[in-house]
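Structure first, then comments.
Since every read-out is calculated from the coordinates, none of them should be taken as a lab result. Everything numeric here is computed off the predicted structure, so don't read it as measured data. When we count neighbours, we look across all protein chains shown, and the Cβ atoms used for this are built from the backbone with ideal geometry, even at glycine.
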Amino acid sequence: MRAILFGLVVCLSATSALAQSGPPGGGGGQGGGPPGGGGPPGAGRPSAPRPMKPIKREQIDKLAAQMFQTADRDRNGLVTLAELNMVVDARRETLIRARFERLDTDRNQSISLPEFLAWQRGLGSVASSENQPIAGSDGPVSEAILPVLDRDPRGRAMGMVIEPLSAMTIVAANVNYDTGLSLDEFIAHQRKRFDAADTNHDAELTMDELRRLDPDRGPGGPGGPGGPGFPGGPGARPPAGLD
């Protein structure tokens, strides 16, 4: 009796395996019917990247206002070169202190020779060169206040339109040549590039309009949003949060 049951189990297992290994739709085998439909058209193929939503001028205005507020230390509605330098110096000081704390492993407010050697050994071959950038040093501090952008094609596209708040920007945008740059002047300066690309004057930039800003690196161009070599372009998976 046990031998019979074992034989039935083996037969059923083999039948199930053959059914699973057959072609989609359950047809096409010997003595079987015609192949099935195999699911809806396009099933199993990767979907095309979603088109990027247009960039609105009010979004650029908002980013400009955020940079301006960061630089306006005394909150008097004007940004001066001195205030910009204060922001840059404060960020540089924070970075220097963070580097010191990483080296000062025993937290005694001084760096001993063993701590310094341990840090240098951790750099590997970079430590033998005086001219190469130091790995893990967090890089140089930017001399400008940068907009806070998402790391996706949409953020990259906004970066093509908006200009960081730098010393050159303060000089160029301060059209009345007073003691500082006002928010209205800064927003008007930012809108120049936006409006130049907004050919239909609808206060929105589409991918085609953005491409005119920089045909080589614009959306759809090499390295640009939606183009080869950048997330969202051919051969790449569209990142989350694209819209």
Phi-based couplings in Hz for segment 144-155 (Karplus 6.51, -1.76, 1.60; Gly and Pro marked x): 10, 8, 9, x, 8, 10, 6, 8, 8, x, 5, x
Residues listed by number, segment 167-182, amide nitrogen under 13 Å from Asp74 label point at 7 Å toward C-beta: 179-181
In whole Hz, with x marking every Gly and Pro, tabulate ³J(HN,Hα) for segment 84-93 from phi via Karplus 6.51 cos²θ - 1.76 cosθ + 1.60, θ = phi - 60°. 4, 5, 5, 5, 5, 5, 5, 5, 5, 4
At a 10 Å Cβ-Cβ cut-off, how would you order Ile170, Ile55, fewest neighbours first? Ile170, Ile55
